[in-house]
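Below you'll find the structure, written out as structure tokens, and then a few comments.
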Amino acid sequence: MRAIRLRREGESALSCALVKTRTLGLVLLLAATTVLAQPAPPEGDGPWVVRATFQTRSQVDFLAAEIEPWEVHHGEGWLVVDVDRAGWQLLLDLGMVPELDEARTAKYRAPHVMLPEQIEGIPSYPCYRTVEETFAAALALVAAHPTLATWTDIGNSWEKADGGGPPGYDMMVLTLTNSATPGPKPKVLMFASIHAREYVTAELATRLAEHLLSNYGTDPDVTWFLDHQEVHLVLHTNPDGRKKAETGADWRKNTNSGYCTTPSSYGIDLNRNFPYNWGCCGGSSGSPCSGTYRGPSPVSEPETIAVRDYALAIFPDYGDPQVAPIPDDAAGVFIDLHSYGELVLWPWGYTYSAPPNASGLRTFGRKLAYFNGHEPDQSCGLYLTDGTTDDFTYGELGVASYTFEMGDDFFQDCTTFTSTILPTNLQALLYAIRVARLPYRLPAGPDALSVATTPSGNVTAGTDVLVTATINDTRYNNTNGTEPVQAIAAAEVYVDTPPWATGATPVALTATDGTFNATVEAVQGTLATAAWTGTNPHTLYVRGRDAGNTWGPVSAVFVRLVGPGNETLTVSKPGSGSGTVTSS
């Protein structure tokens, strides 16, 4: 898959805070004083996909306030964007030089049709479920896992609330957690398909839900994720717009027809409609037909109201980070899933200034980017945006917040999605769930990998168990800068009660080579099972600490105790759904 980078490798050693504030006068002066070719637009009215060269970040910021670029390559000085005749002229007015991309224009205009033998999915893209198919899949998950999943109506789409056309949709949230285990629990909230044309996002979120529910009870990590945390998935944050995009329309916004008079340009960009610094800084448009139109007022749209209120309801308010940095023991994670660009972004988007929690957000972002291979950066590294989801959840509530830009196309081909985007981003999202209890702290600590026991599987009660693992402090994506790493200093294991719970008792693990002195260490320790009572299978939680005195997240392994004759023992794990564990 083609790598899309914002700048040359390592060029962003300077933080966004060091980039000078843009001014309209600077851009106009550049356009007026630089002698550039003035290529005529192609015949017709467009739209066309073009590659345009630029000289300054300010040019990109002004363009992005009206037309969101598809790709931006700051280091090489070019971008990709779709324009009509007026957009072509805007590029020229900003001092850019556009060049038609005939191949991408042809693909952009190609109709979406059902493939031979395709009976479900989006026309031409059978790997992506339609809105109705996605909602049906969510209902099926709830029916199959009633103690682990709920499906909640939190509001209405614009068409259902105010429109006079299609019937519209309920705004739905799929929540995953073991209802038999008490809370309060840290929350992970994900939005998908807030921009309608971005096919991969809703499918990724749906497949994450399917992965978690199908592996609960057999995968020890997935099991503790849902026992001790909550995952909230808005699978379609813009269902009306997504329905239009399923026809092949290059639709980004919702379908509010009350402001723009051009039917192909209706709508409000929901990811510019959130209240935190709405319309503050040139990162959105006040023109109703623009692709980045922020709406007539903050939170003007029923979709924005629904998900804004939901976020306010489930997350604690950790305060205003502009008054004081959010404490590093704040819980909860927010992720907005987008395509495309192969990026992991964190606040701020509205300003070049670094956020008060820059260090924690950057470390977590580099860890997420380790899994999906995307470039980690502050959102302003792409271009300025305001009224966005992640600036809202971080700025209003203090939640560690991120945007994923996945893949290299809006209408991403199915082969790339299934072979690359799905597996790598699934791992990134699972890591986000893993650290949701302390997202500002745990990513700076080492990972516990390859946790195993000898004997493994079923173990005769009373038999000692050897626990082994690898503690690794090096797993970061260092595309932009370098994340510090330290030698491993300690490791420990807990039986059945995780380290954050009352009554947790650590058992120290030792370095297999005898000394903790490397950034990656093999560890081991022996546990006596004779006194183990209660739940079966038993869960062993392993974690490591580095020389910076930072503990990393836990990883788990199951140990199933059986009687001397290998007979089954009673299971008492809440929510397990069965009464016995059978021997293998």
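Here is how the numbers come out for the structure above:
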{"item": "Links that overshoot a 27 Å alpha carbon limit, given the list 187/367; 244/367; 160/253", "result": "244/367"}
{"item": "Degrees separating the helix 24-33 axis from the principal Cα axis of the chain, which is the longest one", "result": "50 degrees"}
{"item": "Simple label model, 7 Å out from Cα along Cβ direction - residue 309 to residue 76, nm", "result": "4.6 nm"}
{"item": "Helix 200-215 axis, angle to the chain major axis (alpha carbon atoms, nearest 10°)", "result": "10 degrees"}
{"item": "Given the chain, longest segment not containing exposed loop GluC sites (Glu not before Pro) (DSSP; at most 14 other Cβ within 10 Å)", "result": "121-566"}
{"item": "Charged-residue dipole, Cβ positions (Lys, Arg, Asp, Glu), the chain about Cα centre, Debye nearest 20", "result": "620 debye"}
{"item": "21 Å tail of the calculated P(r), segment 134-258, as % of Cα pairs", "result": "42 percent"}
{"item": "Rounded to 10°, Cα long-axis angle of helix 358-372 versus longest principal axis of the chain", "result": "80 degrees"}
{"item": "The chain: relative contact order as a whole-number percent, Cα under 8 Å and 6+ apart", "result": "13 percent"}
{"item": "Cα centre as origin, Lys/Arg/Asp/Glu Cβ charges: segment 347-416 dipole, Debye", "result": "400 debye"}
{"item": "Sites residue 120 and residue 454, calculated FRET efficiency, Cβ-Cβ separation with R0 35 Å, nearest 0.05", "result": "0.15"}
{"item": "Cα lying deepest toward the dipole's positive end in the chain, options 44, 488, 402, charges on Cβ", "result": "488"}
{"item": "Identified option (computed Cα Rg over 2.2 N^0.38 Å; candidates (1) 1.15; (2) 1.27; (3) 1.02)", "result": "(3)"}
{"item": "Residue-count net charge about residue 177 - beta-carbon cut-off 13 Å; Lys, Arg +1, Asp, Glu -1", "result": "0"}
{"item": "Positive-pole candidate from 150, 315, 174, dipole of the chain, charges at beta carbon", "result": "315"}
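Read-outs throughout are calculated quantities, based only on the coordinates presented, and are distinct from any laboratory measurement. Just so we're clear, the structure is a prediction, and the values are computed from it rather than from any experiment. Positions of Cβ are backbone-derived with ideal geometry, glycine not excepted, and every protein chain shown enters the neighbour counts.
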